[in-house]
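Nothing in this text is a laboratory measurement; each read-out follows from the coordinates by a stated rule. Computed from a prediction, not measured in an experiment: that's the story for all the values here. Glycine also receives a Cβ, built like all others from the backbone with ideal geometry; neighbour counts cover every protein chain displayed.
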Amino acid sequence: MSCRKIAFFDFDGTITKKDTLLKLILFQKGTWKTVLGSIRNLPWLTGYWLGLISNDRAKQQVLRFFFGGLPVDVFQDKCDAFAELILPGLVRPAALQEIRKLQEEECLICVVSSSAENWIRAWTSSLSIELIATRLEVFEGRITGNIEGKNCHGEQKVISIRKRWNLEEFDQIFAYGDTNGDKPMLALATRSFYKPFR
C-alpha cells in the first residue's frame, strides 16, 4: 500500500507575505475609506494587539464596519476579482513551490485559514487544493459582518481538520504556520514547519 500524505497550510503570513484582510479592504474600498475606517476602528485594533480583545471580536468589528449590509453576490464578485488580480502577488514563491512539490508526491493539501473562505476559495480551487476557512454570516442575501459558527483560529483549526479527516489514515502529516494561533495545528503533524518561507 502506498504511503498516504496530507499537508495543512496556514494562509495569511505563511503562504502570503501579508495579512489578506487589509489588502481585501483596500481593494474593495480604496485608500481613503480604508484609512478613515482604520482610524474609526483603532480602539478595537489596539485592544486586539494588546491582547485585551479576542481575535474573533476584533475581526467581526472590522468586517461589520467595512462589509456589513453588502449584498453577498456583490461581495463575492469583488472577492473573486481580488483572488484573481491581487492574491497571486501576495503569495510567497517558496510556499507555492512547496505546494507544487507536495502535489507531485501525491500529497493531499489543505489550506486552513482564519480568513474568510470568500476571498481564498477561488485561489485554492485554481490549484486543486482543499480549503477550511472561516465562514461569514449571510442574512436576507447580505453580509452581516458576523462570523457563522466558529472563527477558524487556534484550536478551532484542529477541530475543523478532525471533522473532515481521520488523521489515523495518513502515514505522514505536514503542517505549516507562522503564529501562535497555528501551534495547535502544528502539533498535529509528524513534521511541522514554523515560519518556513521567510
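A few remarks follow.
- Using bins of 5 Å that start at zero, the share of Cα-Cα pairs per bin across the range 83-187 amounts to 2, 10, 19, 23, 22, 14, 6, 3, 1, in whole %.
- Each of Leu22, Leu131 has some number of other Cβ atoms within 10 Å of its Cβ, and from fewest to most they run Leu22, Leu131.
- Arranged from fewest to most other beta-carbon atoms within 10 Å of their beta carbon, Thr179, Thr34 become Thr179, Thr34.
- Separation of the alpha carbons by more than 29 angstrom is noted, of Lys59/Lys163; Lys29/Lys183; Lys33/Lys157; Lys59/Lys101; Lys78/Lys183; Lys29/Lys101, for Lys29/Lys183; Lys33/Lys157; Lys59/Lys101; Lys78/Lys183; Lys29/Lys101.
- Fewest-first ordering of Ile159, Ile132 by other beta carbons within 10 Å of each residue's beta carbon gives Ile159, Ile132.
- Placing a pseudo-label 7 Å from each Cα along the Cα-to-Cβ vector at Phe139 and Gln172 gives an inter-label distance of 4.8 nm.
- Length released on extending from Asp77 to Leu22, taking residue separation times 0.36 nm less the Cα-Cα span: 18.1 nm
- Per-residue HN-Hα couplings for the range 12-27 [Karplus 6.51, -1.76, 1.60; θ = phi - 60°; Hz; x = Gly/Pro]: 5, x, 9, 6, 9, 7, 9, 5, 7, 4, 4, 5, 5, 4, 4, 5
- Listed options for Rg/Rh (Cα atoms, Kirkwood Rh) are (i) 0.95; (ii) 1.33; (iii) 0.97. The value calculated from this structure is the one marked (iii).
- FRET efficiency, 1/(1 + (r/R0)^6) with R0 35 Å, evaluated for Arg191 and Thr31 via beta carbons: 0.25
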